[in-house]
Amino acid sequence: MNLDHAGVRLALPTGWEARARLQPSNVPGRRGNLLLHAATIPLPAERGDFGSGVVEHLGPEDVFVSLFEYDAADAGKALFATKGLPVLRPSDFSTAHLQRTQLGRSGGQWFFQVAGRPFCLFVVLGSHSRRAAGAARATALLLRTTVKELA
Amino acid sequence: MTALVVALAVAVLLLAVLVAGLLRSHAEILKALHELGAGLELDRAEGPVDVTIDGVRRPRRSSSAETADAVSGQTLEGEAVALSLTTGTDTLLAFLSSGCTTCGAFWEAFAEQQVQVPGDARLVVVTKSLDEESASALAKRAPRHVPLVASSSAWEDFGVPGSPYFVYVDGTGRIVGEGSAATWPAVATLMGQAHADDAHRNGRLSREGRDDAALAAAGIRPGDASL
């Protein structure tokens, strides 16, 4: 099953679901930036950009991913200097990297650019103690993700 | 003799009047039922329609497989969605249209905040894609708390003969029941029966069967390279 929206294509592994939309643009006439969510649990229609409304329901094996695009003009900033989708290592995850600290959960955040498009990737794992398996599951999704340049 | 003939003629006349009255009342009943929207709007379906309204059909799909991984399409807000049917949660897919008279009862039933879905399944409304449906009409009918996916391809994938139509998928993507009826309580009863029948069958599964179900829940199907 594929999800294809605004130049980002996900070939979703079994058990994953995803939703993607364009955020309202600050500049009239300009394309809005992409906000993509994927998770191994059902995604509710109402949810925060970084997963509020979803991460509370993650089980120990579950993973939530948010891909948040920034304005193309930001691609030149040092924050987005890393090129290409990140490689997620279990050691990158921490219980302190969450928007709101939740018992047992673990999070990680990466800033990078692909095809001249700057992104923030935010990943929440259902269990910090099982972060090796969770990181592998999130990586499996990223390996099936492609980003194209947009005008 | 003349009196007998006259009596028979009167009797025949009375019977003719009685039959005519019965036919007329029958026609009035049919007309009233039609105005109330009873009956399924399956007349638009292409080819033969194999739907029962007094029981749950044997699961069937257009493809040879009787499993489904996902439903992908678009929401009314323009969001691209790919809803998984293999997250471990049962899903009831409700294939509805904005213009179908019978569907009106379902749109109203789903507007209730607490829709009781058999097996605590997630209810997902699936309409045709927005180039084949009226987005404004759907926006008026569709409740915000029920996920809606506009996807003509899902209608094709599930071999939906017309609307309304319902498909119950368990958390591993296996279709355990499908069919239609004119009211939500009737559909809930039919799908509840399908869910209960499936649970009953699974309760008698051998250890091997339970292992297969657990592997399917993990996304590992027969023939998987990891086996």
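Summary of computed values
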quantity	calculated
One residue from B:Gly21, B:Gly37, B:Gly55, B:Gly47 being open to solvent by less than 80 Å² (accessible area, probe 1.4 Å) and modelled with pLDDT of 85 or more	B:Gly21
Long-range neighbours under 6 Å by Cβ, at least six apart or interchain, first residue farther than 25 Å from A:Ala72 by Cβ within region A:136-151, second among the small types (Gly, Ala, Ser)	none
Residue in region B:98-116 that is of a type outside the set (Ser, Thr, Tyr), open to solvent by less than 30 Å² (accessible area, probe 1.4 Å) and closer than 25 Å to A:Thr40 by Cα present	no
Neighbours by Cβ (under 8 Å, 6+ apart or cross-chain): first from region A:78-98, closer than 13 Å to A:Val114 by Cβ; second loosely packed, with under 12 Cβ neighbours inside 10 Å	none
Selection status of A:Leu22, open to solvent by less than 10 Å² (accessible area, probe 1.4 Å) and either within 13 Å of another protein chain (Cβ to nearest Cβ) or not hydroxyl-bearing (Ser, Thr, Tyr) (or both)	no
Counted residues, region B:76-115 - those being under 20 Å from A:Arg9 (Cα atoms) and touching a strand residue (DSSP E or B) at 6+ places or on another chain (Cβ under 6 Å)	7
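The values are calculated or read from the model by the stated rules, or taken from the named source; none is laboratory data. Quick caveat: nothing in here was measured; it's all calculated off a predicted structure. Cβ atoms come from the backbone with ideal geometry, glycine included; neighbour counts cover every protein chain shown. In case anyone asks, the SASA skips ligands and DNA or RNA and just uses the protein heavy atoms, side chains included. Shrake-Rupley method; radii C 1.70, N 1.55, O 1.52, S 1.80 Å.
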